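Below: the structure, in structure tokens.
The values are calculated or read from the model by the stated rules, or taken from the named source; none is laboratory data. Worth saying up front: this structure is predicted, and the values here are computed from it rather than measured. When we count neighbours, we look across all protein chains shown, and the Cβ atoms used for this are built from the backbone with ideal geometry, even at glycine.
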Amino acid sequence: MGEPELHPNRKSIWRRYGYGWVTLGFFLISLIGHWLFGWFAYVNEQTQQGAPIEVSGYTVEMMRDTLENWQSEFLQLIWQIGGLAFLLYVGSPQSKEGDDRVEAKIDAILAAVDPKNADQIIDGIDREYAGRHTDERWQRLAREGRAAR
């Protein structure tokens, strides 16, 4: 048998952020490809015009092209993702339309199915996921001492 893991519930940074690593890989491959093929195009263009091939001229041209691409593509995407994440974090009405309602329904079903243990089970789940209740109804009921039960 192998040795037991020190932290069996901890995942490696590669597994926890797998989507981010894949995205970074795609980004780097596309950026390197853009600059590599840009170099070929720059050399071809300079050769056709009889101009000297200079790394400084290539760098300026490629930085301009890269920033133009980022302005039109990446900044728009960053705003869509960043803006959505921010609005979700602050709890805009659009971001929590269904979650709180579904959670309240599940709590009510659990209370109906197992009335003796429902409070204990729900309290345990709530402690495990502390701070996740943004629903005004749940907060009001919690203050009154009868949260979603």
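May I ask you to say which residue of P8, P52, P4 is in contact with a helix residue (DSSP H, G or I) (Cβ under 9 Å, 6 or more places away or on another chain) and either at pLDDT below 85 or surrounded by fewer than 12 Cβ atoms within 10 Å (Cβ to Cβ) (or both)?
Going through P8, P52, P4 in turn, just one is in contact with a helix residue (DSSP H, G or I) (Cβ under 9 Å, 6 or more places away or on another chain) and either at pLDDT below 85 or surrounded by fewer than 12 Cβ atoms within 10 Å (Cβ to Cβ) (or both): P52.
Tally the residues that are outside any helix (DSSP H, G or I) and surrounded by fewer than 11 Cβ atoms within 10 Å (Cβ to Cβ), restricting the search to the range 98-124.
3
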